[in-house]
Amino acid sequence: MLIKKKRVRSHTEDRYLALVLATTAGILNAMALGAFGFFPSHMTGNASQISSEVSSSDMNDLIFLAVLITAFVIGSASARFVVDTGLKKKIRTVYCFIILAEGVALALTSIFEMVRYSPHNNREVLVLLGFLMGIHNSTSTQLSNGRVRSTHITGTLTDAGIALGSFLSSFITRAAPDDRRLHKKQLNTHLTTVFSFLSGCIAGLLLFKEFGFNAMVMLGIFLVVVAIGSLVDTLRTARKVLY
(Lines give C-alpha, C1' and ligand atoms only; values in the text may rest on other atoms or scores of the structure.)
Protein backbone atom coordinates (compact mmCIF):
# COMPACT_ATOMS: atom_id res chain seq x y z
CA MET A 1 0.00 0.00 0.00
CA LEU A 2 2.79 2.47 0.91
CA ILE A 3 5.38 1.06 -1.49
CA LYS A 4 6.20 2.43 -4.92
CA LYS A 5 6.21 -0.68 -7.11
CA LYS A 6 7.59 -1.12 -10.60
CA ARG A 7 4.25 -2.25 -11.98
CA VAL A 8 1.20 -0.01 -12.32
CA ARG A 9 -0.67 0.36 -9.03
CA SER A 10 -4.03 -1.36 -8.85
CA HIS A 11 -7.22 0.36 -7.74
CA THR A 12 -7.43 -2.12 -4.87
CA GLU A 13 -4.10 -0.86 -3.52
CA ASP A 14 -5.27 2.72 -3.88
CA ARG A 15 -8.51 1.93 -2.04
CA TYR A 16 -6.52 0.52 0.88
CA LEU A 17 -4.41 3.68 0.74
CA ALA A 18 -7.58 5.79 0.83
CA LEU A 19 -9.00 3.80 3.73
CA VAL A 20 -5.90 4.48 5.83
CA LEU A 21 -4.73 7.95 4.79
CA ALA A 22 -8.09 9.59 3.98
CA THR A 23 -9.60 8.24 7.20
CA THR A 24 -6.68 9.44 9.33
CA ALA A 25 -6.78 12.82 7.55
CA GLY A 26 -10.48 13.14 8.40
CA ILE A 27 -9.84 12.13 12.01
CA LEU A 28 -7.03 14.67 12.44
CA ASN A 29 -9.04 17.40 10.72
CA ALA A 30 -12.00 16.84 13.06
CA MET A 31 -9.79 16.58 16.14
CA ALA A 32 -8.21 19.91 15.26
CA LEU A 33 -11.69 21.41 15.02
CA GLY A 34 -12.56 20.00 18.44
CA ALA A 35 -9.31 21.21 19.98
CA PHE A 36 -8.78 24.55 18.27
CA GLY A 37 -12.03 25.33 16.47
CA PHE A 38 -10.39 25.29 13.04
CA PHE A 39 -9.85 22.92 10.09
CA PRO A 40 -6.12 22.76 9.25
CA SER A 41 -6.63 21.09 5.86
CA HIS A 42 -9.56 23.13 4.49
CA MET A 43 -7.45 25.21 2.12
CA THR A 44 -10.38 26.19 -0.14
CA GLY A 45 -12.24 27.67 2.82
CA ASN A 46 -9.09 29.25 4.25
CA ALA A 47 -8.25 30.91 0.93
CA SER A 48 -11.83 32.16 0.61
CA GLN A 49 -11.74 33.53 4.13
CA ILE A 50 -8.71 35.65 3.28
CA SER A 51 -10.93 37.89 1.13
CA SER A 52 -13.21 38.39 4.14
CA GLU A 53 -10.26 39.34 6.36
CA VAL A 54 -8.97 41.76 3.71
CA SER A 55 -12.33 43.54 3.60
CA SER A 56 -12.49 43.72 7.42
CA SER A 57 -8.84 44.81 7.70
CA ASP A 58 -8.14 42.21 10.40
CA MET A 59 -4.38 41.83 9.87
CA ASN A 60 -3.85 39.21 12.58
CA ASP A 61 -6.34 36.78 11.06
CA LEU A 62 -5.14 37.62 7.55
CA ILE A 63 -1.52 36.83 8.44
CA PHE A 64 -2.57 33.62 10.23
CA LEU A 65 -4.52 32.34 7.21
CA ALA A 66 -1.68 33.24 4.84
CA VAL A 67 0.85 31.44 7.05
CA LEU A 68 -1.43 28.39 7.38
CA ILE A 69 -1.84 28.10 3.61
CA THR A 70 1.90 28.60 3.13
CA ALA A 71 2.61 25.85 5.69
CA PHE A 72 0.35 23.45 3.78
CA VAL A 73 2.17 24.25 0.52
CA ILE A 74 5.59 23.87 2.18
CA GLY A 75 4.48 20.50 3.59
CA SER A 76 3.43 19.36 0.12
CA ALA A 77 6.68 20.61 -1.40
CA SER A 78 8.74 18.95 1.34
CA ALA A 79 7.06 15.60 0.72
CA ARG A 80 7.70 15.96 -3.01
CA PHE A 81 11.36 16.80 -2.40
CA VAL A 82 11.84 13.77 -0.14
CA VAL A 83 10.00 11.45 -2.54
CA ASP A 84 11.96 12.72 -5.54
CA THR A 85 15.26 12.26 -3.71
CA GLY A 86 14.28 8.82 -2.43
CA LEU A 87 13.14 7.51 -5.81
CA LYS A 88 16.28 8.78 -7.52
CA LYS A 89 18.24 6.71 -4.99
CA LYS A 90 15.86 3.79 -5.64
CA ILE A 91 14.44 3.83 -2.09
CA ARG A 92 10.98 2.41 -2.74
CA THR A 93 10.09 2.67 0.96
CA VAL A 94 10.49 6.45 0.98
CA TYR A 95 6.72 6.91 1.44
CA CYS A 96 6.86 4.76 4.58
CA PHE A 97 9.55 6.99 6.07
CA ILE A 98 7.48 10.10 5.33
CA ILE A 99 4.39 8.69 7.07
CA LEU A 100 6.61 7.47 9.91
CA ALA A 101 8.05 10.97 10.39
CA GLU A 102 4.56 12.48 10.20
CA GLY A 103 3.26 10.07 12.83
CA VAL A 104 6.14 10.84 15.19
CA ALA A 105 5.69 14.60 14.73
CA LEU A 106 1.94 14.33 15.36
CA ALA A 107 2.42 12.21 18.48
CA LEU A 108 5.05 14.57 19.92
CA THR A 109 2.89 17.62 19.17
CA SER A 110 -0.08 15.99 20.87
CA ILE A 111 1.99 15.07 23.93
CA PHE A 112 3.20 18.66 24.13
CA GLU A 113 -0.40 19.87 24.03
CA MET A 114 -1.35 17.42 26.79
CA VAL A 115 1.42 18.75 29.03
CA ARG A 116 1.60 22.42 28.11
CA TYR A 117 -1.73 23.27 26.52
CA SER A 118 -2.41 26.98 26.23
CA PRO A 119 -4.95 28.83 24.06
CA HIS A 120 -2.14 31.26 23.18
CA ASN A 121 -0.38 28.47 21.24
CA ASN A 122 -3.41 27.42 19.18
CA ARG A 123 -2.42 29.18 15.99
CA GLU A 124 1.16 27.89 16.08
CA VAL A 125 -0.09 24.33 16.53
CA LEU A 126 -2.60 24.76 13.70
CA VAL A 127 0.19 25.93 11.39
CA LEU A 128 2.18 22.81 12.29
CA LEU A 129 -0.89 20.63 11.64
CA GLY A 130 -1.40 22.40 8.32
CA PHE A 131 2.20 21.53 7.43
CA LEU A 132 1.59 17.87 8.36
CA MET A 133 -1.65 17.85 6.35
CA GLY A 134 0.30 19.11 3.34
CA ILE A 135 2.74 16.24 3.76
CA HIS A 136 -0.13 13.77 4.20
CA ASN A 137 -2.02 14.86 1.09
CA SER A 138 1.10 15.16 -1.05
CA THR A 139 2.25 11.67 -0.07
CA SER A 140 -1.04 9.97 -0.95
CA THR A 141 -1.34 11.97 -4.18
CA GLN A 142 2.15 11.06 -5.38
CA LEU A 143 1.94 7.42 -4.36
CA SER A 144 -1.40 6.91 -6.14
CA ASN A 145 -0.51 9.06 -9.16
CA GLY A 146 -3.27 11.50 -8.26
CA ARG A 147 -6.05 8.98 -7.66
CA VAL A 148 -6.11 9.40 -3.86
CA ARG A 149 -6.00 12.93 -2.43
CA SER A 150 -6.47 12.26 1.26
CA THR A 151 -7.48 15.80 2.31
CA HIS A 152 -8.71 17.33 -0.96
CA ILE A 153 -12.36 16.28 -0.96
CA THR A 154 -13.50 19.00 -3.40
CA GLY A 155 -11.12 17.67 -6.04
CA THR A 156 -11.99 14.07 -5.22
CA LEU A 157 -15.71 14.75 -5.61
CA THR A 158 -14.95 16.38 -8.95
CA ASP A 159 -12.98 13.30 -10.03
CA ALA A 160 -15.84 11.08 -8.83
CA GLY A 161 -18.30 13.11 -10.89
CA ILE A 162 -16.11 12.80 -13.97
CA ALA A 163 -15.74 9.05 -13.46
CA LEU A 164 -19.51 8.69 -12.99
CA GLY A 165 -20.17 10.71 -16.13
CA SER A 166 -17.71 8.61 -18.10
CA PHE A 167 -19.24 5.38 -16.77
CA LEU A 168 -22.78 6.43 -17.72
CA SER A 169 -21.58 7.72 -21.08
CA SER A 170 -19.99 4.36 -21.83
CA PHE A 171 -23.47 2.80 -22.10
CA ILE A 172 -24.57 5.40 -24.62
CA THR A 173 -21.40 5.29 -26.71
CA ARG A 174 -21.19 1.52 -26.37
CA ALA A 175 -17.62 1.70 -25.17
CA ALA A 176 -15.52 -1.42 -24.77
CA PRO A 177 -16.22 -3.43 -21.58
CA ASP A 178 -12.64 -2.83 -20.39
CA ASP A 179 -13.12 0.94 -20.59
CA ARG A 180 -16.39 0.69 -18.69
CA ARG A 181 -14.75 -1.40 -15.96
CA LEU A 182 -11.93 1.15 -15.70
CA HIS A 183 -14.39 4.02 -15.17
CA LYS A 184 -16.21 1.95 -12.54
CA LYS A 185 -12.97 1.20 -10.70
CA GLN A 186 -12.01 4.87 -10.74
CA LEU A 187 -15.44 5.84 -9.39
CA ASN A 188 -15.17 3.26 -6.58
CA THR A 189 -11.70 4.54 -5.64
CA HIS A 190 -12.85 8.16 -5.44
CA LEU A 191 -15.97 7.27 -3.45
CA THR A 192 -13.86 5.21 -1.05
CA THR A 193 -11.68 8.27 -0.46
CA VAL A 194 -14.67 10.54 0.16
CA PHE A 195 -16.47 8.18 2.54
CA SER A 196 -13.22 7.36 4.36
CA PHE A 197 -12.60 11.06 5.00
CA LEU A 198 -16.18 11.65 6.14
CA SER A 199 -16.09 8.61 8.44
CA GLY A 200 -12.78 9.83 9.82
CA CYS A 201 -14.27 13.26 10.56
CA ILE A 202 -17.15 11.73 12.51
CA ALA A 203 -14.82 9.38 14.39
CA GLY A 204 -12.35 12.20 15.07
CA LEU A 205 -14.92 14.42 16.75
CA LEU A 206 -16.22 11.56 18.89
CA LEU A 207 -12.73 10.40 19.86
CA PHE A 208 -11.53 13.87 20.78
CA LYS A 209 -14.66 14.55 22.81
CA GLU A 210 -14.08 11.30 24.72
CA PHE A 211 -10.29 11.16 25.05
CA GLY A 212 -8.98 14.63 24.20
CA PHE A 213 -5.36 14.89 23.11
CA ASN A 214 -4.80 11.24 24.09
CA ALA A 215 -6.74 10.34 20.95
CA MET A 216 -4.46 12.54 18.84
CA VAL A 217 -1.41 10.82 20.32
CA MET A 218 -2.89 7.45 19.42
CA LEU A 219 -3.51 8.65 15.86
CA GLY A 220 0.16 9.57 15.55
CA ILE A 221 1.16 6.16 16.93
CA PHE A 222 -1.22 4.48 14.47
CA LEU A 223 0.54 6.20 11.54
CA VAL A 224 3.88 5.07 12.93
CA VAL A 225 2.64 1.48 13.19
CA VAL A 226 1.28 1.53 9.62
CA ALA A 227 4.60 2.86 8.29
CA ILE A 228 6.71 0.36 10.25
CA GLY A 229 4.38 -2.45 9.21
CA SER A 230 4.90 -1.57 5.54
CA LEU A 231 8.66 -1.40 6.04
CA VAL A 232 8.75 -4.79 7.75
CA ASP A 233 6.56 -6.35 5.06
CA THR A 234 8.82 -4.95 2.34
CA LEU A 235 11.96 -6.29 4.02
CA ARG A 236 10.33 -9.70 4.48
CA THR A 237 9.33 -9.83 0.81
CA ALA A 238 12.80 -8.75 -0.33
CA ARG A 239 14.40 -11.43 1.83
CA LYS A 240 12.17 -14.11 0.32
CA VAL A 241 13.15 -13.01 -3.18
CA LEU A 242 16.82 -12.96 -2.20
CA TYR A 243 16.84 -16.45 -0.73
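To keep it simple, each residue is scored yes or no on (1) modelled with pLDDT under 95; (2) out of contact with any His (no Cβ under 8 Å at 6 or more places or on another chain).
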{"position": "Met1", "(1), (2)": "yes, yes"}
{"position": "Val8", "(1), (2)": "yes, yes"}
{"position": "Asp14", "(1), (2)": "yes, yes"}
{"position": "Leu17", "(1), (2)": "yes, yes"}
{"position": "Thr23", "(1), (2)": "no, yes"}
{"position": "Asn29", "(1), (2)": "yes, no"}
{"position": "Leu33", "(1), (2)": "yes, yes"}
{"position": "Gly37", "(1), (2)": "yes, yes"}
{"position": "Pro40", "(1), (2)": "yes, yes"}
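Here is a check on your reading of the model: is Ile27 hydrophobic (A, V, I, L, M, F, W, C) and farther than 21 Å from Gly200 by Cα?
On the way: hydrophobic (A, V, I, L, M, F, W, C): yes; farther than 21 Å from Gly200 by Cα: no.
Spelling it out, it is not the case that Ile27 is hydrophobic (A, V, I, L, M, F, W, C) and farther than 21 Å from Gly200 by Cα.
Selection of the range 91-110 for residues being open to solvent by 80 Å² or more (accessible area, probe 1.4 Å) and farther than 17 Å from Leu2 by Cβ yields only Leu108. Among the residues of the range 126-140, the one identified as more than 8 Å from the chain's Cα centre (by Cα) and within 16 Å of Cys96 (Cα to Cα) is Leu132. When the criteria are applied in full, Phe64 fails the requirement of being under 19 Å from the mean Cα position of the chain (by Cα), among the aromatic types (Phe, Trp, Tyr) and at pLDDT 85 or above. Taking the criterion of being open to solvent by 30 Å² or more (accessible area, probe 1.4 Å) and under 17 Å from the mean Cα position of the chain (by Cα), the only residue of the range 225-243 that qualifies is Val225. Within the range 78-131, the set of residues being in a helix (DSSP H, G or I), over 18 Å from Leu28 (Cα atoms) and free of Cβ contacts under 8 Å to residues at least 24 places away in the same chain comprises Phe81, Val82, Asp84, Thr85, Gly86, Lys88, Val115, Arg116, Pro119, His120. When restricted to residues that are outside any helix (DSSP H, G or I) and of a type in the set (A, V, I, L, M, F, W, C), the range 153-188 contains 2.
Could you go through the range 140-151 and let me know if any residue there is among the charged types (D, E, K, R) and without any contact (Cβ under 8 Å) to a residue 24 or more places away in the chain. Reasoning before the result, please.
Within the range 140-151, the first condition is being among the charged types (D, E, K, R), and the residues that meet it are 147, 149.
Within this subset, residues satisfying the condition of being without any contact (Cβ under 8 Å) to a residue 24 or more places away in the chain are none.
Looking through the range 140-151, none of the residues is among the charged types (D, E, K, R) and without any contact (Cβ under 8 Å) to a residue 24 or more places away in the chain.
If you filter the range 170-188 down to residues that are surrounded by 13 or more Cβ atoms within 10 Å (Cβ to Cβ) and not charged (D, E, K, R), you find that the one that is farthest from Ser41 (Cα to Cα) is Ala175.
The values are calculated or read from the model by the stated rules, or taken from the named source; none is laboratory data. Since the model is a prediction, treat every value here as computed from it, not as a measurement. Backbone-built Cβ (ideal geometry, glycine too); neighbour counts: all protein chains shown. Areas reflect the complete protein model, heavy atoms only, side chains present, ligands, DNA and RNA absent. Shrake-Rupley method; radii C 1.70, N 1.55, O 1.52, S 1.80 Å.
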